[in-house]
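The values are calculated or read from the model by the stated rules, or taken from the named source; none is laboratory data. Small disclaimer: the values here were computed from a predicted structure and weren't measured. Cβ: placed from backbone, ideal geometry, glycine included. Neighbour counts: every protein chain shown.
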Amino acid sequence: MADVLTQSQLPAPRGKRPTGIRFVGTYFILIIGAIVALVPFLYTISVSLMNLTEAQGGAWLPSAPQWQNYVDAWNQANFSQYSWNSVRISAITIAGELVFCTLAAYAFARMEFWGKNLLFSLLLATLMLPEAVTWVPNFITVSWLGRVTPLPWINNWPALTVPFMASAFSIFLLRQFFMQVPKELWDSAQIDGAGHIRYLIQVMLPLSQAAVMTLILFGFIGSWNALAWPILVTTTPAWRPISYGMFAFIDEAGSQFNLQMAGAVITMLPVIVIYFFTQRTFIEGIATTGLKG
């Protein structure tokens with residue numbers, strides 16, 4: 001009589017591999033990607049804590065942390081003024097995005113009007129344009145508005161914020177979230193006498209907190225890191241952001257690489273802190289966007 005094979009002796013089904021072997025390649029790629037992303041960041045922090053001799057000598061770790069480098073970089077680069085400018089610019093831009101992008105996304109998701117699909121397709125097409133392509137028409141627009149309105153635009157907050165209050169990506173992000181909300185909620189809201197604005201504020205936005213937080217995070221990062229456009233529309237430090245302060249400090253610091261790295265850490269620290277506190281919501285917003293639409 002033939003021996004009966006136990007479950008462990010049966011051949012594995014075709015196409016299946018042990019879990020460890022199946023994912024070893026994926027884990028290897030992820031580890032390499034993490035190293036490539038983290039090593040420059042960690043090296044920047046390390047150099048920022050070195051003395052000048054160690055920084056110029058190519059050392060990897062400081063013999064003793066030089067925390068004074070951050071104080072010197074902050075004072076020499078005038079980061080206090082530039083940081084305050086960036087905070088104001090980011091706050092105004094995010095507030096505008098929350099208003100205009102939310103209204104536009106809701107219209108594309110829940111309202112019916114002629115040419116909606118065509119307009120949404122044209123909106124998505126703008127994502128393919130390089131940012132530099134929009135600089136000239138935007139500059140002409142803000143220059144003209146500065147001449148015909150009482151409020152000056154050049155060298156002021158409107159030129160730095162208004163052109164970025166209607167982000168195509170943010171509208172797309174919110175629209176995809178709004179599309180996932182069951183239409184039965186709109187029917188129930190109508191029975192209670194709610195209109196579109198009330199339904200948007202009391203129902204849609206609370207259910208889309210992950211998308212809203214993602215919009216805020218992306219809006220903050222974009223405003224905080226902007227450099228070319230602020231240089232184009234400002235000629236004085238009154239409204240120039242911290243990215244310009246870092247750009248100017250690179251020339252001022254010269255060969256003091258430790259101070260340059262300290263300035264770089266100061267510049268990116270707010271973004272890291274905000275991402276740390278919004279990481280879970282941010283990942284949820286990215287992971288669930290686009291499941292329906």
Taking region 251-272 as the region of interest, how many residues are crowded, with 22+ Cβ neighbours inside 10 Å, under 14 Å from L52 (Cα atoms) and of a type in the set (G, A, S)? 1
Can you go through W84, W60 and tell me which one is in a loop (DSSP other than H, G, I, E, B), surrounded by fewer than 17 Cβ atoms within 10 Å (Cβ to Cβ) and free of Cβ contacts under 8 Å to residues at least 24 places away in the same chain? W60
Within region 63-73, the residues that are surrounded by fewer than 18 Cβ atoms within 10 Å (Cβ to Cβ) and modelled with pLDDT of 90 or more are W67, Q68, V71, D72
Which residue, of V162, V203, is surrounded by 14 or more Cβ atoms within 10 Å (Cβ to Cβ) and over 30 Å from A228 (Cβ atoms)? V203
Restrict the check to region 233-244 and report whether at least one residue is closer than 17 Å to T281 by Cβ and either surrounded by fewer than 21 Cβ atoms within 10 Å (Cβ to Cβ) or within 26 Å of the chain's Cα centre (by Cα) (or both). no
Please give the number of the condition A107 fails out of (1) closer than 21 Å to L160 by Cα; (2) at pLDDT 90 or above. (1)
